[in-house]
1. Given charges of +1 on the Cβ of Lys and Arg and -1 on the Cβ of Asp and Glu, with all other atoms neutral, how large is the dipole of the chain about its Cα centre, in debye to the nearest 20?
2. Which three lengths, in whole Å and largest first, does the chain cover when its Cα atoms are put on their principal axes?
3. Any idea what the relative contact order of the chain is, in percent, if you count C-alpha pairs under 8 Å spaced at least 6 apart?
4. Near the amide H of Leu39, under 5 Å away, which other amide H atoms are found, from residues 5 or more places off or on another chain, if H is placed in the peptide plane?
5. Using only the Cα atoms of segment 29-75, construct the convex hull and provide its projected area averaged over every direction, in square nanometres to one decimal.
6. Give, in nm to one decimal, the length gained when the segment between Asn89 and Ile102 is fully stretched (0.36 nm per residue of separation minus the Cα-Cα distance).
7. Helix 62-75 versus the longest principal axis of the chain: what is the Cα-based angle in degrees, 0 to 90, to the nearest 10?
8. Calculate how steeply helix 24-35 sits against the longest principal axis of the alpha-carbon atoms of the chain, using the helix alpha-carbon long axis, and give the answer as 0 to 90 degrees to the nearest 10.
Amino acid sequence: MIIDKEYALVDATARLNTDLRDYESEINKAASVTFGNDLTGIVIYQFSFIIRVRTNDEKIKHGLLVNFGKNIARQVSSLCESAMRFYPNERHKPSRQLFRCINKNS
């Protein structure tokens, strides 16, 4: 089964001021490292991208998606500085989010 997922920057201001196509090679590298041969394609737009992943499950494993986000963050620290959202958490250190899923088709 091939699953398509579209992700956009979480921060609205960053969506206005950032062109993800400037980070195309870094996002591609992070996707390749994370999904390996299961990555069937990636299309990068101005403020979102669509990944196509082959999986035996009904959805892409959450841990893989988290690792994908972390791999992007490692590749593009300048994007993190301008677009990362922080969410306070009383029991743990704050959560951080760079992208959110805006559309998914399987």
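1. Working: 16 positive and 12 negative charges, 65 e Å.
Using Cβ point charges on Lys, Arg, Asp and Glu, the chain gives about 320 debye.
2. Principal-axis extents of the chain (Cα, largest first): 36, 35, 23 Å.
3. Answer for the chain is 42 percent.
4. Arg54
5. For segment 29-75, the mean projected area of the Cα convex hull comes to 3.4 nm².
6. On the way: separation 13, 0.36 × 13 = 4.68 nm, distance 2.38 nm.
Full-extension gain reported as 2.3 nm.
7. Once rounded, the angle reads 60 degrees.
8. That works out to roughly 60 degrees.
No value in this document is a laboratory result; all are computed from the given coordinates. What you are looking at is a predicted structure, and each value in this text was computed from that prediction instead of being measured. All Cβ positions, glycine included, derive from the backbone under ideal geometry; neighbour counts span all protein chains shown.
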